[in-house]
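Asks: One structure, as structure tokens, below. Some questions next.
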Amino acid sequence: MVVDLGSGGTGRLSKLLTGECDVLAWPAASQLTILRDDPRLRLTLRPGMNIAYLAFNTDKPPLNNPAVRHALALSINNQRLMQSIYYGTAETAASILPRASWAYDNDAKITEYNPQKSREQLKALGIENLTLHLWVPTSSQAWNPSPLKTAELIQADMAQVGVKVVIVPVEGRFQEARLMDMNHDLTLSGWATDSNDPDSFFRPLLSCAAINSQTNFAHWCNPEFGQRAA
């Protein structure tokens, strides 16, 4: 067996189509239609133990108000993200747990897309002329093939409800260092694990201790939740 690690993007796909290789792992979502339509190939898909999410910095007003966060979430067209970013290979999350987890709640409700309600709720909360800074990885991630495009779509959605989003591209370790300063308003992030234990998501993403370990980017902390998750 020969494993070729040297090519990326369309180069890997070209080698598969020309017969230079026999197996292609983790093709880009945008390439799946090509693979499905080629009768010489067999495409195998399985649900992943990963999530992508938009983290609100719950330490910063007005995002420390759950009602404001909910109103902003109503403005995001998740279905468009599923098609434009993931080409139909992902689903809108109803919870922090992926469907493949044994603890996934099938009764969990997806946040609706309702920009009119978003505008009304923001107005009722006295939110006007709000500007938020969204920190975004510059490169493709395992949980998001195109973070910058995702950010631009979210930016356009929030603009429709009167919220200005400034996109701040950040890279690698520099992103982690800046997020630890806790000055961001929003950030695009994600999480992947090889375990279907809910603790693999709850503890690193939502525990108080994880705020200082560069994984709880929302800076959400509830001691009672932490005790129950321990």
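No value in this document is a laboratory result; all are computed from the given coordinates. Everything quoted here is computed from the prediction, not taken from an experiment. For neighbour counting, all protein chains shown are included, and Cβ atoms are generated from backbone atoms with ideal geometry for every residue, glycine included.
Asks: If one takes the longest principal axis of the Cα atoms in the chain, at what angle in degrees, from 0 to 90 and to the nearest 10, does the Cα axis of helix 147-159 lie?
Replies: Tilt of helix 147-159: around 40 degrees.
Asks: Could I ask something else about it? Please report, largest first and rounded to whole Å, the three semi-axes of the ellipsoid equivalent to segment 79-230, where each semi-axis is the square root of five times an eigenvalue of the C-alpha gyration tensor.
Replies: 25, 20, 19
Asks: A further question follows. Over the chain, what is the mean sequence separation of C-alpha contacts under 8 Å (at least six apart), divided by residue count, expressed as relative contact order in percent?
Replies: Relative contact order comes out at 23 percent.
Asks: Another question, if that's okay. Counting DSSP beta bridges with both partners in segment 50-229, what percentage is antiparallel, nearest 5?
Replies: For segment 50-229, the DSSP antiparallel bridge percentage is about 45.
Asks: Follow-up. Per-residue HN-Hα couplings for segment 102-111, Karplus 6.51 cos²θ - 1.76 cosθ + 1.60 at θ = phi - 60°, whole Hz, x for Gly and Pro?
Replies: Along segment 102-111, the couplings run 5, 8, 4, 8, 5, 8, 4, 9, 6, 5 Hz.
Asks: Can you tell me how segment 183-230 classifies by the Cα gyration tensor, rounded, prolate or oblate, using a/c under 1.5 as the rounded cut?
Replies: Oblate.
Asks: So, R0 is 30 Å and r is the distance between the beta-carbons of Leu125 and Leu148; what FRET efficiency does that work out to, to 0.05?
Replies: Step by step, r from the Cβ atoms, then E = 0.50.
Asks: Considering only lysines 8 or more places apart in sequence, or on different chains, count the pairs in segment 82-203 whose C-alpha atoms sit under 19 Å apart.
Replies: Final tally of qualifying lysine pairs is 4.
Asks: Please work through the chain and write down the cysteines that have no neighbouring cysteine Cβ at a distance under 4.7 Å.
Replies: Those would be Cys21, since no other cysteine Cβ in the chain comes under 4.7 Å of theirs.
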